[in-house]
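See structure below.
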Amino acid sequence: MDLKDLTTKALLALQYVDELGYKKKATLLSAVGDPSELFGKKELVRKALSDDKADEFYKNTDRIDAIVDELEKKDIHWLSYLDDEYPDALREIEDRPHVLFVKGNVKALNSDCIAIVGSRRTTRYGEKVADEFAREFARAGLTVVSGFARGIDSIAHKACVAIGCPTVAVFACGIDVIYPAEHRGLLDGILMNGGAAVTEYPLGTKPLQYHFPERNRIISGLSRGVFLAQAAKRSGSLITMRLAIEQGKDVFVVPGNIYAAENEGGNELLREIPDALVISADDVLDSMHVKRASSESQVVEINITGSRILEALRDGEQHFEELLELTELSVSELTNELFDLELNGLIQNTGGNYYALAGV
């Protein structure tokens with residue numbers, strides 16, 4: 001990308017205006033033939049934004065080289081909707097982001113994607129569904145997209161990392177702000193396996209509450225279809241499903257226990273859209289006309305420390321504190337080993353800091 005290109009500079013400077021909403025950006029850009037015209041139409045910029053926001057925009061244009069230097073030092077790519085690398089699927093939605101910031105494999109954004117969404121507070125049922133479906137989608141060659149949040153999102157990402165497949169995490173904050181903080185290791189796993197993290201927010205942007213519904217349109221926008229693993233009545237993941245429907249995407253929902261509040265949102269959505277019901281990953285793949293790719297099972301090597309943890313879990317579910325006592329490991333050693341075992345699909349976090357062998 002030519003850094004001297006005025007169009008690129010204008011879009012990047014506009015994206016860096018603090019907490020400037022998408023609609024105001026879109027209104028301003030629609031009033032000019034090319035974003036580079038913003039440099040010479042100060043009255044138009046001030047009318048569309050505000051004096052404060054306009055001043056910030058022009059200050060950003062003056063420091064654009066410093067912004068670019070910081071992005072390059074942190075190995076972060078930036079794409080505008082005018083760039084060839086910009087995701088084709090995202091380009092087609094009405095409220096597409098004008099600029100994306102990407103860490104990792106940019107090509108993953110233009111692959112054949114399916115989103116997995118769901119509640120942060122999950123049951124074992126929801127966790128099992130998210131894990132199994134994510135693995136099957138990834139093995140079939142689809143790139144799983146999710147929101148990097150606790151619960152269903154992180155389970156979907158971890159499942160892909162565990163089998164060495166790319167996955168895309170969409171942030172509701174700056175790409176350099178790891179939220180939640182405990183997912184730093186997960187991000188490393190995503191990047192090491194050909195995946196990517198992406199956001200429309202500039203570096204340093206905090207994960208404010210209203211960013212999450214804005215982020216959701218990118219999750220669904222990148223994807224051919226959106227799969228709901230589990231959702232309570234007021235789950236934010238239902239916003240993603242509504243957006244997917246508005247964007248003309250395929251939506252898929254598994255039924256849940258009618259007596260569990262954690263499934264109320266998904267079950268109500270199925271009552272509205274009965275055709276969205278699926279009970280296996282094959283149902284989704286068949287609907288999307290995706291053929292399962294043949295693959296050989298990979299042997300997971302387990303070190304001595306990991307073996308001690310697995311042995312401790314053979315008698316049943318154990319709390320983190322109990323595992324500390326049984327394995328005689330330090331807190332940091334146990335934390336790292338549990339993460340590796342979970343990524344490899346050998347154990348599962350069953351909630352409340354309890355762990356069990358996978359599939360038990």
Go through (1) closer than 22 Å to residue 153 by Cα; (2) buried (at least 19 other Cβ atoms within 10 Å of the Cβ) for residue 121 and report which single condition fails. (2)
Top-ranked residue of the range 79-95 - restricted to ones that are touching a Leu at 6+ places or on another chain (Cβ under 8 Å) and open to solvent by 70 Å² or more (accessible area, probe 1.4 Å), ranked as nearest to residue 220 (Cα to Cα): 85
Being open to solvent by 10 Å² or more (accessible area, probe 1.4 Å) and within 22 Å of residue 190 (Cβ to Cβ) is the filter here; which residues of the range 96-106 pass it? 103, 104, 105, 106
Could you run through the range 305-315 and say how many residues are closer than 14 Å to residue 354 by Cα and either under 32 Å from the mean Cα position of the chain (by Cα) or surrounded by 15 or more Cβ atoms within 10 Å (Cβ to Cβ) (or both)? 4
Which condition number in (1) farther than 30 Å from residue 60 by Cβ; (2) at pLDDT below 95; (3) polar (S, T, N, Q); (4) open to solvent by 30 Å² or more (accessible area, probe 1.4 Å) is the one that residue 111 fails? (2)
Under 8 Å between Cβ atoms, which residue pairs at least 6 apart in sequence (or on different chains) link something in the range 293-314 that is in a loop (DSSP other than H, G, I, E, B) and of a type in the set (Gly, Ala, Ser) with a partner that is surrounded by 16 or more Cβ atoms within 10 Å (Cβ to Cβ) and at pLDDT 85 or above? 293/139; 293/140; 295/139
Answer from 54, 10 - the residue that is part of a helix (DSSP H, G or I) and either touching a strand residue (DSSP E or B) at 6+ places or on another chain (Cβ under 8 Å) or under 25 Å from residue 176 (Cβ atoms) (or both): 10
Of these, 41, 9, which one is open to solvent by 30 Å² or more (accessible area, probe 1.4 Å) and either within 22 Å of the chain's Cα centre (by Cα) or touching a residue at least 40 places away in the same chain (Cβ under 8 Å) (or both)? 9
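The values are calculated or read from the model by the stated rules, or taken from the named source; none is laboratory data. Bear in mind the structure is a predicted one, so any value in this text is a computation, not a measurement. Glycine also receives a Cβ, built like all others from the backbone with ideal geometry; neighbour counts cover every protein chain displayed. Please note that ligands, DNA and RNA were not included when accessible areas were found on the heavy atoms of the full protein model with its side chains. Shrake-Rupley method; radii C 1.70, N 1.55, O 1.52, S 1.80 Å.
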